[in-house]
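What follows is a single structure, written as structure tokens, with notes after it.
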Amino acid sequence: MSNRPNQNPTVGLVSLGCPKALVDSEQIVSRLKSEGYRLVPSYEDADLVVVNTCGFIDSAKAESLETIGEALSANGKVLVTGCMGAKPEEILKIHPKVLGVSGPHQADAVMSSVHEHLPRPHDPRIDLVPPGGLKLTPQHYAYLKISEGCNHKCSFCIIPDMRGKLRSRPLGMVMREAEALVERGVGELLVISQDTSAYGVDLKYQTDYWQEREYETRIHDLARALGELDAWVRLHYVYPYPHVDSLIGLMNEGLILPYLDIPFQHGSARVLKAMRRPAASENTLQRVQAWRQECPQLIIRSTFIVGFPGETEEEFEELLDWLRAAELDRVGAFEYSPVEGARANELADPVPDEVKHERWQRFMEVQSEISARRLERRVGGSEPVVIDKLEGDVAIARSYGDAPEIDGQVIVENPGPVEPGDFIDVEITGSDAHDLFARRIDDPEAPLA
């Protein structure tokens with residue numbers, strides 16, 4: 001129990017990993033707050049610490065284990081949850097003093113452990129939790145998780161083993177959360193899941209839903225409903241299934257942002273097959289070109305893996321050629337890293353580390369040139385932007401083409417009286433390889449570039 005007289009017990013939380021893990025953390029802190037626990041920002045001020053771990057790749061595991069160790073050294077009472085908790089023996093072997101371990105998306109288990117080791121306060125003040133729950137993001141944007149788990153069996157990934165198969169949240173539940181967030185001032189909803197474009201298909205199809213055929217889905221219905229809210233709607237983790245084509249129409253209607261985050265991963269058909277990805281490279285390239293023809297302002301971001309086991313120099317060059325042809329706006333790349341339990345570990349011909357790094361550098365050089373060209377085309381146009389923060393006489397903002405923390409920025413000089421979360425219209429005055437530069441304009445009817 002708390003050693004602070006006449007005060008409710010305190011809990012500290014460390015959230016590691018991706019936005020989906022952050023949403024899990026938001027659920028945990030919302031429940032803690034609703035039961036009267038006080039949330040504190042330091043190990044020393046906490047009666048108990050919860051560490052939400054990431055276990056996707058070795059470097060993430062190392063960071064999680066290091067953070068657990070820091071919490072134990074500074075506090076001594078630590079609960080562990082999250083993706084790495086799917087294999088508790090790995091944590092307990094190194095940190096046997098943790099009070100309990102639970103897996104991802106297990107808020108109930110976390111709360112049970114909290115109650116066991118730090119009994120809940122009497123007469124909890126449930127009105128302390130705002131509609132939509134507590135958020136760990138800035139007040140003007142929030143992640144909206146629409147499903148959990150994934151039905152894919154990509155050879156490099158163990159997320160389905162940690163988070164299970166696809167489980168879509170009911171549309172009504174998602175909309176109630178989204179409406180509550182917008183009512184309290186959230187101006188941007190970032191829609192996330194493991195497989196956003198598969199939202200709802202688990203209600204009818206359980207297997208093989210990604211094949212090249214038409215099938216029932218509800219992502220279009222959800223996107224249209226979200227688009228009726230007074231907020232930007234940004235879609236992340238969208239696989240390029242055929243029915244994604246229908247979302248482009250919603251972008252042209254102005255209901256959702258003309259932005260797609262699609263994990264293409266590679267441009268070689270043979271490597272994609274070895275990765276067990278659900279789409280061939282030539283099909284996705286044709287689809288990108290069709291989307292751009294229908295919606296010229298569309299921004300596409302993606303991630304790729306270089307140095308996958310067996311990747312030849314010719315196949316890497318094929319990836320570069322695909323990248324040049326696709327001209328994606330925002331791109332990240334990773335050097336392949338073996339993940340314990342992944343099927344790709346059994347593949348022959350691993351690529352040496354020095355070759356992987358050299359290919360990564362070449363990949364990023366090509367993409368930097370593409371990004372610079374794409375951004376330069378927007379110079380001279382006018383766009384709405386959202387202010388993220390102020391730095392002296394400069395406002396750090398984002399356009400419709402920039403997701404927070406992963407894409408570029410719009411740097412607005414002398415923006416006038418603005419606050420984080422404000423939307424203003426700007427003229428794009430310059431660009432570099434990653435960011436745009438702008439000045440504020442007073443015309444509220446200024447069109448998108």
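The values are calculated or read from the model by the stated rules, or taken from the named source; none is laboratory data. Note that this is a predicted model, so its numbers are computed, not measured. As a convention, Cβ positions derive from the backbone with ideal geometry for all residues, glycine included, and neighbour counts pool all protein chains shown. The area values use the complete protein model at the heavy-atom level, side chains included, leaving out ligands, DNA and RNA. Shrake-Rupley method; radii C 1.70, N 1.55, O 1.52, S 1.80 Å.
Working note: Karplus 6.51/-1.76/1.60 with θ = phi - 60° gives segment 166-183 the couplings 4, 9, 7, 6, x, 4, x, 5, 4, 5, 4, 5, 4, 4, 5, 5, 5, 4 Hz, where Gly and Pro are set to x. Determine the shape class of the chain: with a ≥ b ≥ c the square roots of the Cα gyration tensor eigenvalues, call it rounded for a/c under 1.5, and otherwise prolate if a/b is greater than b/c, oblate otherwise. Since a/c reaches 1.5 but b/c is at least a/b, the shape of the chain is classed as oblate. With contributions of -39500 (n - 2.57) from each DSSP H run of at least four residues, the per-residue ellipticity at 222 nm computed over the chain stands at -10000 deg cm²/dmol.
Pop a pseudo-label 7 angstrom from the Cα along the beta-carbon direction at both Arg292 and Leu136 and give the gap in nm to one decimal. Label at Arg292, label at Leu136, 3.7 nm between them. Protein heavy-atom accessible surface, 1.4 Å probe, per residue over the chain: 44 Å². Checking the cross-link pairs Lys33/Lys145; Lys93/Lys153; Lys93/Lys165; Lys97/Lys145; Lys20/Lys389 against a 26 Å limit on the alpha carbon distance flags Lys93/Lys153; Lys93/Lys165; Lys97/Lys145 as lying beyond it. Based on the Cβ-Cβ distance from Glu391 to Ala348, what FRET efficiency comes out when R0 is 35 Å, to the nearest 0.05? Working from the Cβ atoms, E equals 0.10. Shown for the chain: the carbon plus sulfur share of the solvent-accessible area, taken with all protein chains present and a 1.4 angstrom probe, equals 50%. Rounded to the nearest 20, the Cβ-based charge dipole of segment 141-377 about its Cα centre (Lys and Arg +1, Asp and Glu -1) stands at 620 debye. I need the calculated FRET efficiency for the pair Asp221 and Glu183, taking r as the beta carbon distance and R₀ as 30 Å, to the nearest 0.05. The computed FRET efficiency comes out at 0.90. Charging the Cβ of each Asp and Glu at -1 and of each Lys and Arg at +1, and nothing else, the dipole of segment 10-117 about its Cα centre rounds to 120 debye. Considering only beta bridges that DSSP places wholly inside the chain, some 35 percent are antiparallel.
The stretch between His243 and Lys273 holds 8.6 nm of extra length on full extension. This uses 0.36 nm per residue minus the Cα-Cα distance.
Between His357 and Glu253, the modelled labels are 5.1 nm apart [label points 7 Å from Cα along Cα→Cβ].
Note on the chain: dipole from Cβ charges, positive end direction compared against Val29, Val331, Ala433; the farthest Cα belongs to Val29.
In this structure Glu391 has an accessible area near 100 Å², from a 1.4 Å probe over the protein heavy atoms.
Net charge within 11 Å of Val418 by Cβ-Cβ distance, Lys/Arg positive one each and Asp/Glu negative one each, not counting Val418 itself? For residues surrounding Val418, the net value is -1.
Among residues other than Ile91 with Cβ under 11 Å from its Cβ, the summed charge is +2 (Lys and Arg +1, Asp and Glu -1).
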